[in-house]
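Read the structure below first, then the notes.
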Amino acid sequence: VKIYSLQVDCKVTSRFAHTVITSRIVNRANESREATFEVELPKTAFITNFSMSIDGEVYPGIIKEKAAAQNKYDSAVSQGQSAGLVKITDRKLEQFHVSVSIAAASKITFELTYEELLKRQLGKYELLIKVRPKQLVKHFQIDVHIFEPQGIHFLETDSAFMTNELTEALTKEQNETKAHILFKPTLDQQKKNSELDETLLNGDFVVRYDVKREATAGDIQIVNGYFVHYFAPREMPVFPKNVIFVIDRSGSMTGRKIEQTRDALLKILQDLRQEDNFSFITFNHKVVEWKSSLLPAIEENLASAAALMQTLTARGGTYISGALLAAVGVLDKAEGLPESSISMIILLTDGQPTSGERNVEVIQENVQKAIHGKYALFCLGFGFDVSYKFLEKMALSNGGIARRIYENADAALQLQGFYQEVATPILMQIEMQYPENSIEGLTKNNFKLFFEGSEIIVSGKISNELDLLPVEIKAQSHTSNLTLKEEANVKEKEQVFQNQRYIFGNFIERLWAYLTIQQLLEKAISAQEEDQKALEAQALDLSLQYSFVTPLTSMVVTKPQQQEELANKPTEAG
């Protein structure tokens, strides 16, 4: 069974990426064989379409409500056969895998489409394409078109498998607002060496870029009555931080995990700014406060903290509740902190609560009551023995985010990378205001914190005939209260995209739907049960209307002989 063509076609329009992967396979054997299509795609993406075409007959994937599809599927499949088509494979990727039997000399074409909104982190967007054909492919190509009306500030490609020969197969063209990247290696260029038919193509192919930012109140783009507003201020004074690291040193952290935690914390200590204040709480079945108050991040305190890190050992139980409440207590009674500063708690744990209060709902409630909206809580779950759902709900209920740290060689880098994302808060209490009676379906427009290098995105539908769309942004910076104003000329903005050949016409509408679904699902995590149902119902309607495979929908893939399989969207919380 030979893959004779594999094409990745990706169009990024104003951060919204639309990727189509097409694989053409021929069965050269003289009996029927299994043809497999295996693609790894970013976890942040939603699959929107899949089809198989066998000798001219098309078998489309159909997106349905998950519960309905699952019931139908469970009754049709005998026990033990119902492996889903999608599973999480690593920190950034999930894998779509389908196999089908094809007759001798038959040809099959698989086509998978997915979409995602690229998220700005540490000053850049990242488009990740996983390349793993497992064989030499006669017609192989990755074709990426980027159009950013704000202008492209920088662009780079990065790949683990590049050799000098393969670099010759890579071309980049770029002007003010557009970039075209083509990677088209010949059979010879793909080979590990001339004797063996083994492929070099195995790993990530990454495109990173950022856009130019001129306007202070961000950039507004409009297509077919839908708008998107991007806001990413820069070069602003940084708020001092008061940060408490709450570190799990229970028995399960023994060995590599505690070493990686130690390495990461030593680096993070070096990254603290002089005006920051910090402290540590470590816990197993006991909670140990390193100091009873926060200390300024000056040389001698950092050295003393580094010495403590060197002695960190792991044993005992997991008293999460006591440790978090102790951290809140230290912040509550802290004196002499900078007037305009931001307080945060960063929890790192690898397990379930086993000491003190063990009921996760009670812990969530107590922590939320204690924090009372004053501090941001970030929860890092190390490995797969944590209850990620519990950590995620706790973080989202307290103005933070949760992240899973994968137990790989780069765990220390993952921890450091996370810290860098939240290390430089430059705005707080951000309100993005639009004319109320002219906008429908507005996505989230109030944000507690804005960190340098990220981006705020708001989208909505312009409901009546507006000529001008006025925008007002209110926020607090470290030195002042800001009010930024901007007016977008609707007709002019619509014009920008009209002459662009390769843009799919309703991309801002799809971007709006994608963002709305993501936000509804996130909101549902920390909502009360009745609200949760309403939020999920809304997200389900949009998922079906726009054909997205989300955690609430399934794609039913029908194979020849009426066999059915399901593609579900896995989530970090399982």
I'd like to check one number: the per residue accessible area of the chain, probe 1.4 Å, reported in Å² as a whole number.
45
Quickly rank 28-34, 15-21 as a protection proxy: mean count of other C-beta atoms within 10 Å, highest first.
15-21, 28-34
If L540, L427, L308, L187 are ordered by their accessible area, calculated over protein heavy atoms with a 1.4 Å probe, which sequence runs from highest to lowest?
L187, L308, L540, L427
Roughly how many Å² of D143 are accessible to a 1.4 Å probe, to the nearest 10?
30
How many nm separate the modelled label positions at A105 and K138, each set 7 Å beyond the Cα in the direction of the Cβ?
1.6
Using only the alpha-carbon atoms of region 239-307 as identical scatterers, what base-10 log of I(q)/I(0) does the Debye formula give at q = 0.17, 0.23, 0.24 Å⁻¹?
-0.63, -1.05, -1.12
Relative contact order for region 241-423: what percent, with Cα pairs under 8 Å and sequence separation of 6 or more?
24
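Relative contact order of the chain: what whole-number percent is it, with Cα pairs under 8 angstrom and at least 6 residues apart? Provide the component values of the computation, followed by the final result.
On the way: 1253 pairs, mean separation 96.1, N = 574.
Averaging sequence separation for qualifying contacts and normalising by length gives 17 percent for the chain.
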Expected sort for 199-207, 472-480 on mean C-beta neighbours within 10 Å, highest first, is 199-207, 472-480
How do the peptides 36-48, 1-13 rank, highest first, by the average count of neighbouring beta carbon atoms within 10 Å per residue?
36-48, 1-13
In whole angstrom, how far apart do the alpha carbon centroids of region 219-285 and region 404-451 sit?
11
Around M253, what is the net charge, scoring Lys/Arg as +1 and Asp/Glu as -1 over all other residues with Cβ under 12 Å from its Cβ?
0
Whole-angstrom Cα spans of region 333-448 along principal axes, big to small
50, 35, 29
Give me the one-decimal Kirkwood hydrodynamic radius in Å for the chain, with the sum taken over alpha-carbon pairs.
26.0
What shape does region 241-423 have by the C-alpha gyration tensor, where a ≥ b ≥ c are the square roots of the eigenvalues, rounded means a/c under 1.5, and otherwise prolate means a/b greater than b/c and oblate the rest?
rounded
Karplus-derived 3J(HN,Hα), 6.51/-1.76/1.60, for each residue of region 429-446, Hz, glycine and proline x:
6, 8, 10, 9, 10, 10, x, 4, 7, 10, 10, 10, x, 5, 6, 3, 10, 10
For every helix of n ≥ 4 consecutive DSSP H residues, a contribution of -39,500 (n - 2.57) applies; sum these over the chain, divide by its total residues, and give [θ] at 222 nm rounded to the nearest 500 deg cm²/dmol.
-7500 deg cm²/dmol
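The values are calculated or read from the model by the stated rules, or taken from the named source; none is laboratory data. Please read these numbers as outputs of a predicted model, since none were measured by experiment. We place every Cβ from the backbone using ideal geometry, glycine too, and count neighbours over all the protein chains shown. Note: accessible area is taken over every heavy atom of the protein model, side chains too, but ligands, DNA and RNA are not part of it. Shrake-Rupley method; radii C 1.70, N 1.55, O 1.52, S 1.80 Å.
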